[in-house]
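Engineer: Okay, handing you the structure first.
The values are calculated or read from the model by the stated rules, or taken from the named source; none is laboratory data. The structure displayed is predicted, hence computed values, not measured ones. Methodologically, a virtual Cβ is constructed for each residue, glycine included, from the backbone with ideal geometry; neighbour enumeration extends over all protein chains shown. Ligands, DNA and RNA are stripped out before the accessible areas are found, and what is left, the full protein with its side chains, is counted by its heavy atoms. Shrake-Rupley method; radii C 1.70, N 1.55, O 1.52, S 1.80 Å.
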Amino acid sequence: MAKIKSQVNEEPADSFTSMIDIVFLLLIFFILQPFKSPEMKLRSELPKDSGPSSSTDNMESIRLEVRTVPGQEDSAYFKISMVRVDDPDRIFRALLNQANNRTDVPVVLDADEAVHFKYVLKALDQCYKAEMRDVKFSAPPPPNAAKHEYMETRRQRDVSR
Amino acid sequence: MAKKRVRPDPADCSAGAGFDMTPMIDVTFLLIIFFMCVTERADSSKAKLKLPVADKAEKDTPIPGRLLINVLKKGEVEIMGQRRSDAELEDVLELERQASVSDTGDEFPDRAILIRADEQTKYGDVQRVMGLCMKHKLWRIAFATKDPIMSQYERH
């Protein structure tokens, strides 16, 4: 009689295998997930002409400059039509002020060669934040021989402003 | 009347425990997750760079055959895991130019060159690549950026 009772009370043992499997699966997934950061992109268009007097320069446009701070390699400051902006997060507001809240005004993005790329991208991002999509990169200086002439033209233009 | 209990025949497979699929499914899922996570990292066309962050960036959906140019921190250009000189880059860009124009002479609007530059790369090096793109009449470009949400997560 005792033998029969013990057989009835004996419940089938829980199988933990599946649960452990799922736990490990989740563990591996969440450990590896942070490494898989999706990349994003910022679209842009290059100027179809080159040299100091590109077509956009002659139009009514806002000039957004990204300049290196002398002696500080990892910092930069911004100038919007010759007005200095130190906080990069305020560029979009300054751009809109400059353009009287018009978003169709073209922006010419002119950056120093030595400035870190992140500042140039920040400036581009701020233009898009201001909904100003017509951003043209200032044409790169022509190579070697014409470079001096280009720099001189640029200097004279800055002085005249 | 008590029912007579029938003892299963050990030789008869169909009467015994069924074929357990659980471990196989587990292993399959493990492999899927593993390869999902690893393929992104093992993409040879993408150099290991610290990309800049942009709030207004859009999600990048890779287009087959798209040209991806990596500009490393020191200014070197890398395409498909190989360093390229400016002359070699020009050859690649010329091929891209031919590929970006259809037989009817129209440009493919979605085919933009993706420039992946490190956040500490000097702009002059990126500008040099952009200049070469312009030289080969490739006007449409895009800059690779980091997801701002993920970058906040990494910072913390």
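Engineer: Going through the range B:21-61 one residue at a time, which ones are modelled with pLDDT of 80 or more, in a helix (DSSP H, G or I) and of a type in the set (K, R)?
Structural biologist: Those that are modelled with pLDDT of 80 or more, in a helix (DSSP H, G or I) and of a type in the set (K, R): none in the range B:21-61.
Engineer: Another question, if that's okay. Answer yes or no: is there a residue in the range A:59-77 that is in contact with a Pro (Cβ under 7 Å, 6 or more places away or on another chain) and modelled with pLDDT under 90. Walk me through it before giving the result.
Structural biologist: Quick first cut of the range A:59-77, residues in contact with a Pro (Cβ under 7 Å, 6 or more places away or on another chain) only: A:59, A:61.
After this cut, where a residue has to be modelled with pLDDT under 90 as well, the list is A:59, A:61.
Yes.
Engineer: If you go through the range A:87-105 one residue at a time, how many are assigned to a loop (DSSP other than H, G, I, E, B), crowded, with 17+ Cβ neighbours inside 10 Å and within 21 Å of the chain's Cα centre (by Cα)?
Structural biologist: Qualifying residue count, the range A:87-105: 1.
Engineer: Still on this model: Scan B:M80, B:M130 and give me the residue that is surrounded by 18 or more Cβ atoms within 10 Å (Cβ to Cβ), aliphatic (A, V, I, L, M) and modelled with pLDDT of 85 or more.
Structural biologist: One residue alone meets the criteria, B:M130.
Engineer: State all residues of the range B:27-75 that are of a type in the set (F, W, Y) and surrounded by 15 or more Cβ atoms within 10 Å (Cβ to Cβ); if no residue qualifies, say none.
Structural biologist: B:F29 - this is the single residue of the range B:27-75 that is of a type in the set (F, W, Y) and surrounded by 15 or more Cβ atoms within 10 Å (Cβ to Cβ).
Engineer: Additional query: Name the residues in the range B:75-96 that are outside any helix (DSSP H, G or I), over 21 Å from the mean Cα position of the chain (by Cα) and either more than 14 Å from chain A (Cβ to nearest Cβ) or free of Cβ contacts under 8 Å to residues at least 24 places away in the same chain (or both), would you?
Structural biologist: B:S85, the sole residue that qualifies.
Engineer: Among the numbered criteria (1) under 18 Å from the mean Cα position of the chain (by Cα); (2) of a type in the set (D, E, K, R); (3) open to solvent by less than 50 Å² (accessible area, probe 1.4 Å); (4) under 21 Å from B:K56 (Cα atoms), which single criterion is violated by A:R67?
Structural biologist: The single condition A:R67 does not satisfy is (4).
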